[in-house]
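First comes the structure, then the notes that go with it.
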Amino acid sequence: MADIPITLRLTIADPVPGVRYSLQQDDAPFAPVTAGAAPLSFDVPIRLSNDNRFLGPFVRREGPHRRFVYLRIGTQAGDCAAAWSRRAKIDIHDIPPLLLDRAREGQVLEVILPGRGGDGSPACATLRPLSPWRAV
């Protein structure tokens, strides 16, 4: 059975206005966007194997099981004048198998993420979702 293309939607609930965000494809920024006051979403194309392995140029790996996607922020997203140079790690290896089945049927899987750290600057490091993954 061939890998199935699915879409993961990463939504930043409260991005810092004026800051550039992008996905990380391989080791470069991809589709940079400058945030406004509204939530900011990125649709990430992933391939899902029949044994639930995540594949593709947006998928990063750490150890035998951890899989994640990076969001780039500020200079990491290509804004040379930005005050910040950060990345945010979004875990995908822990998406429940029942949701992966829904993604195989064509539904988009979305997670809502925080956009700001405690000091009001762009959130970075491993982001913990504000709500669980859901099919939309």
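The values are calculated or read from the model by the stated rules, or taken from the named source; none is laboratory data. The structure displayed is predicted, hence computed values, not measured ones. Cβ placement follows ideal geometry from the backbone for every residue including glycine, while neighbour counts extend to all protein chains displayed.
The set of residues from segment 45-62 being of a type in the set (A, V, I, L, M) and modelled with pLDDT under 95 is empty. With the requirement that a residue be closer than 20 Å to Q25 by Cβ and in a strand (DSSP E or B), what does segment 102-118 give you? Correct list: L109, E110, V111, L113. Filtered by the rule that a residue be more than 14 Å from the chain's Cα centre (by Cα) and on the phi > 0 side of the Ramachandran plot, segment 14-53 gives G18, N52. Only a single item in (1) of a type in the set (A, V, I, L, M); (2) within 19 Å of L127 (Cα to Cα); (3) at pLDDT below 95 is not met by V69, and it is number (3). If you take the residues of segment 19-53 that are among the β-branched types (V, I, T) and buried (at least 19 other Cβ atoms within 10 Å of the Cβ), which of them is farthest from G115 (Cα to Cα)? Step by step, filter segment 19-53, then rank; the result is I46. Restricting segment 54-89 to residues that are of a type in the set (D, E, K, R) and loosely packed, with under 13 Cβ neighbours inside 10 Å, the residue that is farthest from the chain's Cα centre (by Cα) is E62.
Can you list the strands (runs of 3 or more DSSP E) lying wholly within segment 8-101 that have 2 or more residues being polar (S, T, N, Q)? Qualifying strands (runs of 3 or more DSSP E): 20-25. Scanning segment 89-136 for residues that are small (G, A, S) and in contact (Cβ under 8 Å) with a residue 24 or more places away in the chain yields A103, G115, G120, S121, A123, A125, A135. Residue-level analysis places G118 outside the set of residues that are exposed (fewer than 15 other Cβ atoms within 10 Å of the Cβ), over 20 Å from P32 (Cβ atoms) and at pLDDT 95 or above. If you go through segment 65-79 and keep only what is in contact (Cβ under 8 Å) with a residue 12 or more places away in the chain and not hydrophobic (A, V, I, L, M, F, W, C), you end up with H65, R66, R67, Y70, R72, G74, Q76, G78, D79.
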